[in-house]
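Below you'll find the structure, written out as C-alpha coordinates, and then a few comments.
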Amino acid sequence: MSKAPTFRVDRLLANMGYGSRRDIHALARLGAITLDGAELTDADQRIAVTADLPARMRVDGQALDPPPGLILMLHKPLGVTCSHKEAGPLVYELLPARWRRRDPAISTVGRLDKETSGLLLMTDDGALLHRIISPKAKLAKSYVATLARPLKGDEGAVFAAGTLMLEGEEKPLLPAELEVLGPTQARLTITEGRYHQVRRMFAAVGNHVETLHRDRIGGLDLPADLAPGRFRLLGAGDVARIFGG
Ligand code: URA
(Lines give C-alpha, C1' and ligand atoms only; values in the text may rest on other atoms or scores of the structure.)
Protein backbone atom coordinates (compact mmCIF):
# COMPACT_ATOMS: atom_id res chain seq x y z
CA MET A 1 0.00 0.00 0.00
CA SER A 2 1.39 3.45 -0.88
CA LYS A 3 2.03 5.77 2.05
CA ALA A 4 -0.25 8.82 2.37
CA PRO A 5 1.58 12.11 1.77
CA THR A 6 2.21 14.25 4.85
CA PHE A 7 1.61 17.98 5.00
CA ARG A 8 2.15 20.69 7.57
CA VAL A 9 -1.24 21.60 8.97
CA ASP A 10 -0.77 25.34 8.27
CA ARG A 11 0.07 24.68 4.62
CA LEU A 12 -2.65 22.06 4.12
CA LEU A 13 -5.44 24.23 5.53
CA ALA A 14 -4.18 27.40 3.84
CA ASN A 15 -4.17 25.54 0.50
CA MET A 16 -7.69 24.34 1.23
CA GLY A 17 -8.89 27.94 1.52
CA TYR A 18 -9.23 28.21 5.29
CA GLY A 19 -7.11 31.38 5.41
CA SER A 20 -3.47 32.41 5.36
CA ARG A 21 -0.91 30.28 7.17
CA ARG A 22 -0.90 32.96 9.86
CA ASP A 23 -4.71 32.57 10.17
CA ILE A 24 -4.29 28.80 10.57
CA HIS A 25 -1.76 29.28 13.38
CA ALA A 26 -4.24 31.63 15.08
CA LEU A 27 -7.04 29.05 14.70
CA ALA A 28 -4.79 26.35 16.18
CA ARG A 29 -3.87 28.56 19.15
CA LEU A 30 -7.58 29.16 19.77
CA GLY A 31 -8.19 25.40 19.88
CA ALA A 32 -10.42 25.58 16.78
CA ILE A 33 -8.65 22.67 15.03
CA THR A 34 -9.11 19.15 16.36
CA LEU A 35 -7.75 15.81 15.22
CA ASP A 36 -9.38 12.64 16.55
CA GLY A 37 -11.14 14.77 19.16
CA ALA A 38 -7.96 16.37 20.58
CA GLU A 39 -7.01 20.00 20.03
CA LEU A 40 -4.19 20.43 17.56
CA THR A 41 -2.45 23.52 18.85
CA ASP A 42 0.75 23.38 16.77
CA ALA A 43 0.00 24.14 13.12
CA ASP A 44 3.62 23.35 12.19
CA GLN A 45 2.81 19.69 12.87
CA ARG A 46 2.84 17.35 9.85
CA ILE A 47 -0.11 15.04 9.34
CA ALA A 48 -0.80 12.26 6.89
CA VAL A 49 -3.43 13.29 4.36
CA THR A 50 -5.60 10.21 4.24
CA ALA A 51 -9.09 9.83 2.78
CA ASP A 52 -10.58 9.60 6.28
CA LEU A 53 -9.17 12.98 7.35
CA PRO A 54 -12.54 14.81 6.98
CA ALA A 55 -14.01 12.32 9.47
CA ARG A 56 -11.12 12.88 11.94
CA MET A 57 -10.34 16.57 11.66
CA ARG A 58 -12.64 19.46 12.54
CA VAL A 59 -12.13 23.16 11.98
CA ASP A 60 -14.38 25.48 13.98
CA GLY A 61 -16.43 22.42 14.89
CA GLN A 62 -17.06 21.47 11.23
CA ALA A 63 -15.75 18.40 9.42
CA LEU A 64 -12.72 19.21 7.28
CA ASP A 65 -13.42 19.81 3.57
CA PRO A 66 -12.28 17.05 1.18
CA PRO A 67 -8.47 17.09 1.01
CA PRO A 68 -6.66 17.63 -2.32
CA GLY A 69 -7.38 14.94 -4.90
CA LEU A 70 -11.13 15.49 -5.04
CA ILE A 71 -13.46 14.88 -7.94
CA LEU A 72 -17.13 15.78 -8.00
CA MET A 73 -20.08 15.71 -10.36
CA LEU A 74 -22.19 18.82 -10.76
CA HIS A 75 -25.64 18.95 -12.34
CA LYS A 76 -24.89 22.02 -14.40
CA PRO A 77 -27.97 24.19 -14.80
CA LEU A 78 -28.76 26.18 -17.94
CA GLY A 79 -27.38 29.72 -18.11
CA VAL A 80 -24.26 29.01 -16.07
CA THR A 81 -20.87 29.13 -17.78
CA CYS A 82 -17.73 26.99 -17.43
CA SER A 83 -15.43 29.73 -18.69
CA HIS A 84 -14.18 32.93 -17.07
CA LYS A 85 -14.11 34.39 -20.61
CA GLU A 86 -17.90 34.22 -20.98
CA ALA A 87 -20.37 36.56 -19.31
CA GLY A 88 -22.69 35.22 -16.66
CA PRO A 89 -22.57 33.20 -13.47
CA LEU A 90 -19.81 30.58 -13.30
CA VAL A 91 -20.13 26.93 -12.33
CA TYR A 92 -17.53 27.62 -9.61
CA GLU A 93 -20.10 29.82 -7.85
CA LEU A 94 -22.16 26.67 -7.22
CA LEU A 95 -19.40 25.27 -4.97
CA PRO A 96 -18.80 26.38 -1.38
CA ALA A 97 -17.02 29.76 -1.32
CA ARG A 98 -13.98 28.31 0.46
CA TRP A 99 -13.47 25.75 -2.31
CA ARG A 100 -12.86 28.59 -4.76
CA ARG A 101 -9.74 29.56 -2.83
CA ARG A 102 -8.08 26.15 -3.02
CA ASP A 103 -4.63 25.45 -4.41
CA PRO A 104 -4.49 23.31 -6.49
CA ALA A 105 -7.65 24.87 -7.88
CA ILE A 106 -10.73 22.91 -8.86
CA SER A 107 -11.27 22.97 -12.65
CA THR A 108 -13.97 21.67 -14.92
CA VAL A 109 -13.17 18.45 -16.77
CA GLY A 110 -13.83 19.76 -20.26
CA ARG A 111 -16.72 22.16 -20.74
CA LEU A 112 -20.40 22.36 -21.39
CA ASP A 113 -21.89 25.32 -23.27
CA LYS A 114 -23.70 27.93 -21.22
CA GLU A 115 -26.98 26.67 -22.68
CA THR A 116 -26.24 22.97 -22.09
CA SER A 117 -27.31 21.34 -18.83
CA GLY A 118 -26.28 18.09 -17.18
CA LEU A 119 -23.33 16.09 -15.96
CA LEU A 120 -20.14 18.10 -15.45
CA LEU A 121 -17.12 16.70 -13.66
CA MET A 122 -14.81 18.96 -11.67
CA THR A 123 -11.50 18.06 -10.07
CA ASP A 124 -8.29 19.45 -8.58
CA ASP A 125 -6.38 16.37 -9.78
CA GLY A 126 -4.61 17.37 -13.00
CA ALA A 127 -3.51 13.84 -13.88
CA LEU A 128 -7.05 12.50 -13.51
CA LEU A 129 -8.44 15.40 -15.54
CA HIS A 130 -6.08 14.59 -18.40
CA ARG A 131 -6.87 10.88 -18.23
CA ILE A 132 -10.57 11.71 -18.69
CA ILE A 133 -10.28 14.29 -21.46
CA SER A 134 -7.42 12.64 -23.33
CA PRO A 135 -8.48 11.86 -26.93
CA LYS A 136 -6.77 8.49 -26.39
CA ALA A 137 -9.27 7.60 -23.66
CA LYS A 138 -12.14 7.95 -26.19
CA LEU A 139 -14.61 8.18 -23.32
CA ALA A 140 -18.22 8.09 -24.47
CA LYS A 141 -20.34 11.12 -23.57
CA SER A 142 -24.11 10.99 -24.07
CA TYR A 143 -26.34 13.97 -24.77
CA VAL A 144 -30.10 14.19 -25.05
CA ALA A 145 -31.03 16.76 -27.68
CA THR A 146 -34.40 18.21 -28.54
CA LEU A 147 -34.54 19.40 -32.10
CA ALA A 148 -36.30 22.15 -33.99
CA ARG A 149 -37.34 19.81 -36.82
CA PRO A 150 -38.35 16.12 -36.97
CA LEU A 151 -35.55 13.64 -37.65
CA LYS A 152 -35.43 12.51 -41.28
CA GLY A 153 -34.27 8.98 -40.57
CA ASP A 154 -30.79 8.97 -42.09
CA GLU A 155 -29.04 10.88 -39.29
CA GLY A 156 -28.00 7.73 -37.40
CA ALA A 157 -26.22 6.35 -40.46
CA VAL A 158 -24.54 9.68 -41.22
CA PHE A 159 -23.23 10.00 -37.64
CA ALA A 160 -22.14 6.33 -37.48
CA ALA A 161 -20.18 6.50 -40.74
CA GLY A 162 -17.11 8.23 -39.34
CA THR A 163 -16.95 10.45 -42.41
CA LEU A 164 -18.94 13.50 -41.31
CA MET A 165 -16.92 16.66 -41.73
CA LEU A 166 -17.84 19.69 -39.66
CA GLU A 167 -17.64 23.13 -41.21
CA GLY A 168 -14.15 24.63 -40.98
CA GLU A 169 -12.51 21.34 -39.94
CA GLU A 170 -10.08 19.10 -41.78
CA LYS A 171 -10.59 15.80 -40.03
CA PRO A 172 -13.85 13.81 -40.14
CA LEU A 173 -15.62 13.03 -36.90
CA LEU A 174 -15.22 9.63 -35.32
CA PRO A 175 -18.32 7.43 -35.54
CA ALA A 176 -21.07 8.45 -33.13
CA GLU A 177 -24.20 6.65 -32.05
CA LEU A 178 -27.71 8.07 -32.37
CA GLU A 179 -30.65 6.67 -30.45
CA VAL A 180 -33.98 8.10 -31.55
CA LEU A 181 -36.18 8.91 -28.56
CA GLY A 182 -39.02 10.63 -30.42
CA PRO A 183 -39.74 12.60 -33.61
CA THR A 184 -37.71 15.58 -32.35
CA GLN A 185 -35.65 14.00 -29.59
CA ALA A 186 -32.53 11.82 -29.68
CA ARG A 187 -29.62 10.68 -27.55
CA LEU A 188 -26.26 11.16 -29.25
CA THR A 189 -23.14 9.45 -27.90
CA ILE A 190 -19.79 10.83 -29.01
CA THR A 191 -16.21 10.03 -28.04
CA GLU A 192 -14.63 13.35 -28.96
CA GLY A 193 -15.00 16.82 -27.53
CA ARG A 194 -14.86 19.25 -30.41
CA TYR A 195 -16.15 22.78 -30.05
CA HIS A 196 -19.99 22.80 -29.92
CA GLN A 197 -19.79 19.32 -31.40
CA VAL A 198 -23.34 18.08 -30.86
CA ARG A 199 -24.97 21.32 -32.02
CA ARG A 200 -22.73 21.36 -35.11
CA MET A 201 -23.44 17.70 -35.90
CA PHE A 202 -27.18 18.30 -35.99
CA ALA A 203 -26.62 21.51 -37.98
CA ALA A 204 -24.62 19.41 -40.49
CA VAL A 205 -27.71 17.24 -41.11
CA GLY A 206 -29.99 20.25 -41.52
CA ASN A 207 -31.43 20.42 -38.03
CA HIS A 208 -31.08 22.71 -35.05
CA VAL A 209 -30.59 21.78 -31.38
CA GLU A 210 -33.08 23.55 -29.14
CA THR A 211 -32.11 21.99 -25.82
CA LEU A 212 -29.09 19.89 -24.88
CA HIS A 213 -28.47 17.87 -21.75
CA ARG A 214 -25.53 15.56 -20.98
CA ASP A 215 -26.59 12.56 -18.92
CA ARG A 216 -23.58 10.22 -19.04
CA ILE A 217 -19.75 10.19 -19.15
CA GLY A 218 -18.14 6.78 -19.65
CA GLY A 219 -20.21 4.51 -17.42
CA LEU A 220 -21.21 7.26 -14.99
CA ASP A 221 -24.81 8.53 -15.15
CA LEU A 222 -26.14 11.79 -13.79
CA PRO A 223 -28.29 10.57 -10.90
CA ALA A 224 -32.00 11.43 -11.15
CA ASP A 225 -31.96 12.76 -7.58
CA LEU A 226 -29.17 15.29 -8.19
CA ALA A 227 -31.04 18.55 -8.80
CA PRO A 228 -29.72 21.25 -11.16
CA GLY A 229 -27.11 23.34 -9.36
CA ARG A 230 -26.25 20.57 -6.86
CA PHE A 231 -23.04 18.56 -6.73
CA ARG A 232 -21.82 15.30 -5.22
CA LEU A 233 -18.29 14.15 -4.38
CA LEU A 234 -17.22 11.00 -6.22
CA GLY A 235 -15.55 7.99 -4.65
CA ALA A 236 -13.14 5.49 -6.15
CA GLY A 237 -16.05 3.34 -7.40
CA ASP A 238 -17.53 6.26 -9.34
CA VAL A 239 -14.14 7.06 -10.88
CA ALA A 240 -13.78 3.41 -11.94
CA ARG A 241 -17.26 3.69 -13.49
CA ILE A 242 -16.16 6.68 -15.60
CA PHE A 243 -13.47 4.55 -17.21
CA GLY A 244 -15.38 1.28 -17.13
CA GLY A 245 -18.44 2.35 -19.09
N1 URA B 1 -21.71 19.65 -27.73
C2 URA B 1 -22.26 20.87 -27.77
O3 URA B 1 -22.64 21.35 -28.82
N4 URA B 1 -22.37 21.56 -26.63
C5 URA B 1 -21.99 21.08 -25.42
O6 URA B 1 -22.14 21.76 -24.39
C7 URA B 1 -21.41 19.81 -25.40
C8 URA B 1 -21.28 19.10 -26.56
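The values are calculated or read from the model by the stated rules, or taken from the named source; none is laboratory data. Small disclaimer: the values here were computed from a predicted structure and weren't measured. In this analysis, Cβ positions are derived from the backbone assuming ideal geometry, glycine residues included, and neighbour counts consider all displayed protein chains. Note: accessible area is taken over every heavy atom of the protein model, side chains too, but ligands, DNA and RNA are not part of it. Shrake-Rupley method; radii C 1.70, N 1.55, O 1.52, S 1.80 Å.
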* Structure fact -> Scanning the stretch 192-209 residue by residue, those more than 12 Å from the ligand (Cβ to nearest atom) and open to solvent by 30 Å² or more (accessible area, probe 1.4 Å) turn out to be GLY206
* Being surrounded by fewer than 19 Cβ atoms within 10 Å (Cβ to Cβ), of a type in the set (D, E, K, R) and outside any loop (DSSP other than H, G, I, E, B) narrows it down to one of ASP44, ASP23, so name that one. => ASP23
* **Which listed residue is free of Cβ contacts under 8 Å to residues at least 60 places away in the same chain and within 16 Å of the ligand (Cβ to nearest atom), from THR108, THR116, THR123** => THR108
* Structure fact -> With the first residue restricted to the stretch 90-101 and required to be in a helix (DSSP H, G or I), and the second required to be polar (S, T, N, Q) and surrounded by 15 or more Cβ atoms within 10 Å (Cβ to Cβ), Cβ contacts under 8 Å at 6 or more apart or on different chains are VAL91/THR81; VAL91/THR108
* Residues (in a strand (DSSP E or B) and out of contact with any helix residue (DSSP H, G or I) (no Cβ under 7 Å at 6 or more places or on another chain)) located in the stretch 158-179 -> GLU179
* **Cross-chain or 6+ apart pairs with Cβ under 7 Å, the stretch 212-228 first and in a strand (DSSP E or B) and more than 13 Å from the ligand (Cβ to nearest atom), then open to solvent by less than 10 Å² (accessible area, probe 1.4 Å) and at pLDDT 95 or above** => LEU220/ILE242
* Asked: What number of residues within the stretch 26-41 are assigned to a loop (DSSP other than H, G, I, E, B) and in contact (Cβ under 8 Å) with a residue 24 or more places away in the chain?
  -> 2
